[in-house]
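What follows is a set of notes on a single structure, which appears directly below.
Each value in this text was obtained by applying a stated rule to the coordinates, not by laboratory testing. These figures come from a predicted structure and were not determined experimentally. Heads up, the Cβs are rebuilt from the backbone with ideal geometry, glycines too, and the neighbour counts pull from every protein chain shown.
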């Protein structure tokens, strides 16, 4: 059984870059199914309105995403920013998983309990 | 399907954060034993692929979009341990780097997309695969999406007085996006089988 070697992953890697950097720009720019359901079926009781089931930064205090909403701060063109954010995100995900799995495998070699 | 912050109550998101962390730890142990060293780059690439696919929202009704989750694809390709880990990494990066999904809600989103969707898809695929190899991919993907969306709806309803209409809307919209995702997943799985990158029998990668 031939397993995937990095050379054989070049074409699939390019495909990922095209999806993240180009196809993503064609995304349908409306709320997703969860956001739409939350908005359309918002509870009508007064208490609920006061509690306000609205997305907010509550719980995210002390953390702000460096590339909010798949944009790159400082890049004015929405298209270019989105493409950059997509490629950065896909590359970052790839590298993060590589690192994570590498560390996991490394630990596995030390012994059954390592 | 990413729950933002400000929706879930602490009595809901705190236990879910613990559950998500526990599930990731268990999957990491499973992945460590089963992952072949040579397939590490492929798993990384599939994670990047799922991240990229999730950026491509498609219309499911006028003014409503959704995107594939990718849990079915990862579960079918790599088995449960690696799929949970991979999906959790994607969801975590989306929250921390892109603000897609809340920080407090991260555990809930990991539980929905990386645990519920992934494990449902894997179990259904295992059950159907011997008799219906292609149908198994499609059905497991749809059910994975629906169970993940059901989880999201449940956590919202435990936090706020949302009612049956909300649950119904969640199920109908995610059935539509799940069907689209099933077609995408089946096409990708067939392409992967044809490419020889991943064997038709996923157990060889996730050995």
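Between B:144, B:163, B:79, which gets the highest mean-square fluctuation from a Gaussian network model of chain B, Cα cutoff 10 Å? Looking only at B:144, B:163, B:79, the biggest GNM fluctuation is shown by B:163. Quotient of the Cα radius of gyration of the protein assembly as shown and 2.2 N^0.38 Å, N being its number of residues: 0.96. Take every Cα pair under 8 Å whose residues are at least 6 apart in sequence, average their separation, divide by the length of chain B, and the relative contact order is 28 percent.
Give me the Debye-computed log₁₀ of I(q)/I(0) at q = 0.12, 0.16 Å⁻¹ for chain B, equal point scatterers on Cα only, no solvent, two decimals. Results for chain B at q = 0.12, 0.16 Å⁻¹ read -0.56, -1.01. Arranged from fewest to most other beta-carbon atoms within 10 Å of their beta carbon, B:29, A:7, B:34 become A:7, B:29, B:34.
Sequence-distant contacts, meaning Cα pairs under 8 Å at least 6 residues apart, place the relative contact order of the range B:29-116 at 25 percent.
Averaging over every viewing direction, what projected area does the convex hull of the Cα atoms of the range B:98-207 cover, in nm²? Averaging across all directions leaves 8.4 nm² for the Cα convex hull.
Taking the C-alpha atoms only, the angle from helix B:10-34 to the longest principal axis of chain B is near 10 degrees.
Helix B:117-128 axis versus longest C-alpha principal axis of chain B: approximately 50°, rounded to the nearest ten. Legend: calculated FRET efficiency, residue B:193 to residue A:80, from the Cβ-Cβ distance at R0 = 45 Å, rounded to 0.05, equals 0.80. The fewest-to-most ranking of A:77, B:177, A:40, B:117 by surrounding Cβ atoms within 10 Å reads A:77, A:40, B:177, B:117.
Reported to the nearest whole Å, the Cα centre-to-centre distance from the range B:131-170 to the range B:52-67 is 16.
Taking the C-alpha atoms only, the angle from helix B:164-195 to the longest principal axis of chain B is near 20 degrees.
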